[in-house]
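The values are calculated or read from the model by the stated rules, or taken from the named source; none is laboratory data. Every value quoted in this text rests on a predicted model; they were computed, and no experiment measured them. Note that each Cβ is placed from the backbone with ideal geometry, even for glycine, and that neighbours are counted across all protein chains shown. Just the protein is used for accessible areas: all its heavy atoms, side chains included, with ligands, DNA and RNA removed. Shrake-Rupley method; radii C 1.70, N 1.55, O 1.52, S 1.80 Å.
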Amino acid sequence: LQEVTPEVLAVLRRSCLWSAYPHRRVAARPEYHGAATFSRFPVVHDEVLDVAGSPMLRTDLATPRGRVRVVNVHTVAPLTRGQARRWDRQMAWLGAFADADASPVILAGDFNATGDHAPFRRLLRGGLRDAFDAVGRGSGATWPSGHRFLPALLRLDHVVTGDGIGVGSLRAVPS
């Protein structure tokens, strides 16, 4: 989950998610950098990573087939030159993280990128793949979300998987 503020955390604690997923890590923060991982698999490691200036929650899970590294990705939006440079560094950092360990990896969240963005394409060259491109249906558009007059037009949110992770199906649902 993303954009987990202390207020959202209070709601989550009362929700069915809290009891349905016994293994969870929460890094609530004001505004939009808070994150949470809810899992049926035990958490064996967690930390908040500094990814070129943005906090991202890493949660390693003990699955029946071994350890899986999961990063809750929330990059900056590349709206200015400075943000675009930082966003490019974030993509490079995520690629290096994926390559740094032989454990399977899942990078999931708001990449603020479509498949047409060069930094995102470079990220996928290193053996990573966009799960929606592999098995999704429809456009997978996720942005804008909840806009009164516009439907979702772009896919800025992605689930990116490395070797050892199989994806059976994936679909975008309204938030």
Inset, instruction - Might you tell me the accessible area per residue for the stretch 44-155, computed with a 1.4 Å probe and given in Å²? - result: 54 Å²
Legend entry - ³J(HN,Hα) computed for each position of the stretch 34-45 - Karplus, 6.51 cos²θ - 1.76 cosθ + 1.60, integer Hz, glycine/proline x: x, 8, 8, 10, 10, 9, 8, 9, x, 8, 9, 7
Legend entry - Dimensionless Rg over Rh [the stretch 75-175; C-alpha; Kirkwood]: 0.98
Legend entry - Spin-label model distance (nm) - Arg129 vs Arg148, 7 Å beyond Cα toward Cβ: 4.3 nm
Legend entry - Amide H contacts under 5 Å for Val73, placed H, 5+ residues apart: Ala108, Gly109, Asp110
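Just to be sure I understand: of the beta bridges DSSP finds with both ends in the stretch 51-175, what percent are antiparallel, rounded to 5?
Percent antiparallel among DSSP bridges in the stretch 51-175 is about 70.
Hey, with R₀ at 45 Å, roughly what FRET efficiency would Asp99 and Ser139 work out to, going by the Cβ-Cβ distance, to 0.05?
Here the calculated transfer efficiency is 0.95.
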Inset, instruction - Mind running the shape call on the chain? Use the C-alpha gyration tensor, a ≥ b ≥ c as the square roots of the eigenvalues: rounded below 1.5 for a/c, prolate if a/b tops b/c, oblate otherwise. - result: rounded
Inset, instruction - Give, as a single signed number, the net charge of other residues whose beta carbon lies under 15 Å from the beta carbon of Val26, with Lys and Arg counted +1 and Asp and Glu -1. - result: +2
Legend entry - Phi to ³J(HN,Hα) by Karplus 6.51 cos²θ - 1.76 cosθ + 1.60 over the stretch 68-83, Hz, x for Gly, Pro: 10, 8, 10, 10, 7, 7, 8, 7, 6, 7, x, 8, 10, 4, x, 5
Inset, instruction - Pop out the ³J(HN,Hα) list for the stretch 48-65 in order, Karplus 6.51 cos²θ - 1.76 cosθ + 1.60 with θ = phi - 60°, rounded to Hz; leave Gly and Pro as x. - result: 9, 8, 9, 9, 6, x, 10, x, 9, 7, 9, 9, 8, 10, 8, 9, x, 9
Inset, instruction - Please report, as a whole percent, how much of the solvent-accessible surface of the chain comes from carbon and sulfur atoms (probe radius 1.4 Å). - result: 53 percent
Inset, instruction - Just reorder Val26, Val11 by solvent-accessible area, largest first, 1.4 Å probe, all chains present. - result: Val11, Val26
Inset, instruction - Using a cut-off of under 20 Å, list every residue of the stretch 125-156 whose amide N is near the label point 7 Å from the Cα of Arg40 along the Cα-to-beta-carbon line. - result: none
